[in-house]
Amino acid sequence: MMKSNSKVLIAIYFLLSATVVMGQATEPWVVPAAKKSVKNPVAVSTSVIEKGKSLYMANCKSCHGDPGKGNGLPLVPKPTDPASDKYQAQTDGEMFYKMQNGRGAMPKFAEVIPDNDKWAIIHFVRTFSKKKNSADAGKIMPDTLPAGSSFTSTSLNGKPITLKLKFNEPDSTLIATVSTLNEDGDLLPVEGVPVGFFLKRYFGSLPVGEEIGRTDKDGRIEVAVPRNLPGDTSGLLHFIARVTDPEVYGIAMDSIGASCGKPLVIVNITEERTLWGRSRVAPLYIIITFFGALAAVWGTMGYVVSNVLKIAQKDV
Amino acid sequence: MSVNKLSTEESYKTLNKIETDLLRPMTHHKGLELWILFLVLFFIIGGYAYFIQLRDGLGVTAMRDYTSWGMYIGNFVFFVAASLIGMFISSVLGLLKIKWITPITRIAEMIALAFAMWAGIVIVIDMGRPDRLLNVFLHGRFQSPILWDVTVVSTYVAISFLLLFLPLIPDAAVIRRRLPGLPKWQMKIYDLLYLGWEARPGQYLIIKKSMRILAILIIPVALAIHTVTSWLFASTLRAGWDTAIFGPYFVSGAFVAGVAAVIIAMYFFRYNYKLGDYITDFHFNRMGQVLVLVSAIYIYFNLNEYFVPAYKMRIAEKVHLVEMFTGHWSTLFWFTQIICLVIPAFLLIFKKMRRPSIMLWLSVLVLLGAWLKRFLIVVPVQQHPYLPIQNVPDSFHHYIPTGIEITLTILPIVGVLLIITIIAKLFPVISVWEVAHEKGVDESIIK
């Protein structure tokens, strides 16, 4: 139910944005030079490409089509086939920037797909390149970890940083702790790292808190979660905390589920007694009229028949 | 009541003549075998056509995505309409104590039962998967006119059955006495049916009371059957069906079809069964007047149905009405309305025209028009949906019934004739005891 809902919403979003964009002239999409030169930080591996493929299929194919088949949606401008020369001529950084920011009918995926997953998609898309694999960029990176576990990356000074997210039930606050390992393998808190908190929604994420804060000297940062956020049917909400300046501090994120939202009450209108519903939920007056009339007519007929059969009795 | 009682001797004499006249066609029937053979032959052809439809699916008809209700549904509405006559003659006129209907009530009931029974079968013919018929009952929606239609048609068949066979109880006793030489299987039917009839006052009381109850009961049921049938259309939003008068419009049209059918049957039975002494010119005269009355009511409803929307000409209605008045369907429409309804009704106003031979042909026209009218109600509306028909195969745009469809439309009509033929072979087409009673014969001797 939720899943198909979100798909419908995404489709509507795309169509709406598509209509808005129609008629706009296709101006070249200029990517700032700094962003253009960003290299893919995720190391290429079979599993990364596999992951990129499944993410592409789930998030990109509906408009861009199957790479190489040119079967994307007929929007204006037409979504570029990722296998095309024009598309492959871009740098990894350009692709990432465009995914990150979106334009017109192309949605903004900044808060929708985690950064390392976007890089995985780029790895997948590069498999259609005629030059084959541009994985000369980027350092060796571990594969993306499953959702819910913390993600470790390299900070600027070459040490991996870790982000841990916790939910403090009594105060309704999210607490993120950013730390790094010293030479002895101990955890050290990192101060001054910008951390953003987000709430997962159908499409994209909702920022929690007014502005992006920085960790204190204990590597801690906390943000208050409003108590009236609508959750799923059990009130469950999914939060994400991530380092918002990965180019400086490296990629680090964590997610957590917390039952602190208002439970969603789904009013299933197909369960109500309506004229247009199923038979089981037909309005009572119709059922009563139907069976009442049926009983009256067939009852009378039964009475007549039983009477007529009395003709055979001798004493009549 | 008003009739003078005959003496015992006269009673016996009169009853004897009535019995002889009315039972004679049961044993003397030149050409009946040939007639049945012809009907059965058509059944074989129709059966083959149905086999093809079952094997290849409804694609063998001209029905497509847009015109998905074709000739079959038109035929169904016609059948339901024609079956309403049973209620009109024996109930409405009967309860009004109109005496002259006595010799034609059974003919009307036979027509009613035969058409009602086949109406149900016509619906099954229209189903692509008749093996799923049970699902209509298992998963039918109480909110849908379809379920109500199925229910009310079956109920009407049951009441019509009782109304036909109740008055046959005394007649079965008479047949047992008069025609003991009939085949054994046939005698078994009368043995079962006569219920030990001995013409006792208590037995008469039961029969008359029961018939009276049924006569009252059938009125709401008959109105329901055709009103619900009209709601199959009127409960949609389609221009041409979305009208508030569809219920009474259908019911009034049904009486026109039914009266015409009865006149044709009266003519046939009068001359073939030599019942001229019972179905007289007087009865034709009266039925002609009834036809004028019901036609006038129907014409009035037609004026409302067509000219009220035509005065306003809302876009969607306009597309439909222009096609009917001056467009694709205009020839059929005006033929149906003028030649098959207005002119016969007008001619029958004059006494000179209310003679059996003329009335027969006028009734044939009226009945033909009644069938065509159902076709015109069902089909053209579907070719003008609110959203334009585009990007579809050419066959979706038109509806020209195929040979198989036409065969399977005639098949139920042949089926009706077959049922009437069988009933008329097994039982007198005029109620012996009721006619005898009317002529003053002592009730207690009719056994």
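The values are calculated or read from the model by the stated rules, or taken from the named source; none is laboratory data. Everything quoted here is computed from the prediction, not taken from an experiment. A quick note on method: Cβ atoms are made from the backbone with ideal geometry, for glycine too, and the neighbour counts reach across all protein chains shown. To get the accessible areas, we keep the full protein, side chains included, count just its heavy atoms, and leave off ligands, DNA and RNA. Shrake-Rupley method; radii C 1.70, N 1.55, O 1.52, S 1.80 Å.
Just a few scattered comments:
- Inter-chain Cβ neighbour average for residues A:298-309, partner chain, 10 Å: 5
- Rounded Å value of the spacing that divides the Cα centres of the stretch B:107-169 and the stretch B:355-424: 19
- Computed from the C-beta positions of residue B:24 and residue A:278 and an R0 of 60 Å, the FRET efficiency is 0.55 to the nearest 0.05.
- For the protein assembly as shown, carbon and sulfur atoms together expose 65% of the accessible surface, with a 1.4 angstrom probe and every protein chain in place.
- Spin-label pair residue B:310/residue B:95, simplified geometry with 7 Å Cα→Cβ offset, distance in nm: 3.5
- Cα convex hull of chain B - mean projected area over all directions, nm²: 23.0
- Sequence-distant contacts, meaning Cα pairs under 8 Å at least 6 residues apart, place the relative contact order of chain B at 34 percent.
- Eligible aspartates and glutamates near residue B:425 by straight Cα distance, threshold 12 Å, same-chain separation 8 or greater: B:33
- Rounded to whole numbers, the Karplus 3J(HN,Hα) couplings from phi for the stretch B:34-44 are 4, 4, 5, 4, 4, 5, 5, 4, 5, 4, 5 Hz, using 6.51 cos²θ - 1.76 cosθ + 1.60 with θ = phi - 60°, and x at Gly and Pro.
- Checking the Cα-Cα distances for A:53/A:78; B:97/B:351; B:5/B:208; A:69/A:130; A:36/A:86; A:39/A:130 against a 27 Å cut-off, no pair goes over it.
- Solvent-accessible area per residue for the stretch A:272-312 (1.4 angstrom probe, square angstrom): 59
- Angle in degrees between helix B:8-27 and the longest Cα principal axis of chain B, rounded to the nearest 10: 40
- Residues in the stretch B:170-205 occluded by at least 40 Å² - accessible area, probe radius 1.4 Å, against chain by itself: B:195, B:200
- Computed over the Cα atoms of the protein assembly as shown, the ratio of the radius of gyration to the Kirkwood radius (Rg/Rh) comes to 1.23.
- Accessible area per residue for chain B is 44 Å², calculated with a 1.4 Å probe on protein heavy atoms, without ligands, DNA or RNA.
- Helix-only CD estimate at 222 nm, as mean residue ellipticity for chain B, using -39500 (n - 2.57) per DSSP H run (n ≥ 4): -23000 deg cm²/dmol
- The charge dipole of the protein assembly as shown, taken about its Cα centre with unit charges on the Cβ atoms of Lys, Arg (+1), Asp and Glu (-1) only, comes to about 2420 debye.
- Heavy atoms of residue B:176: accessible area, 1.4 Å probe, square angstrom to 10: 80
- Qualifying lysines (Cα of each under 29 Å from Cα of residue A:166; at least 8 residues distant if same chain): A:3, A:51, A:108, A:118, A:200, A:217, A:262
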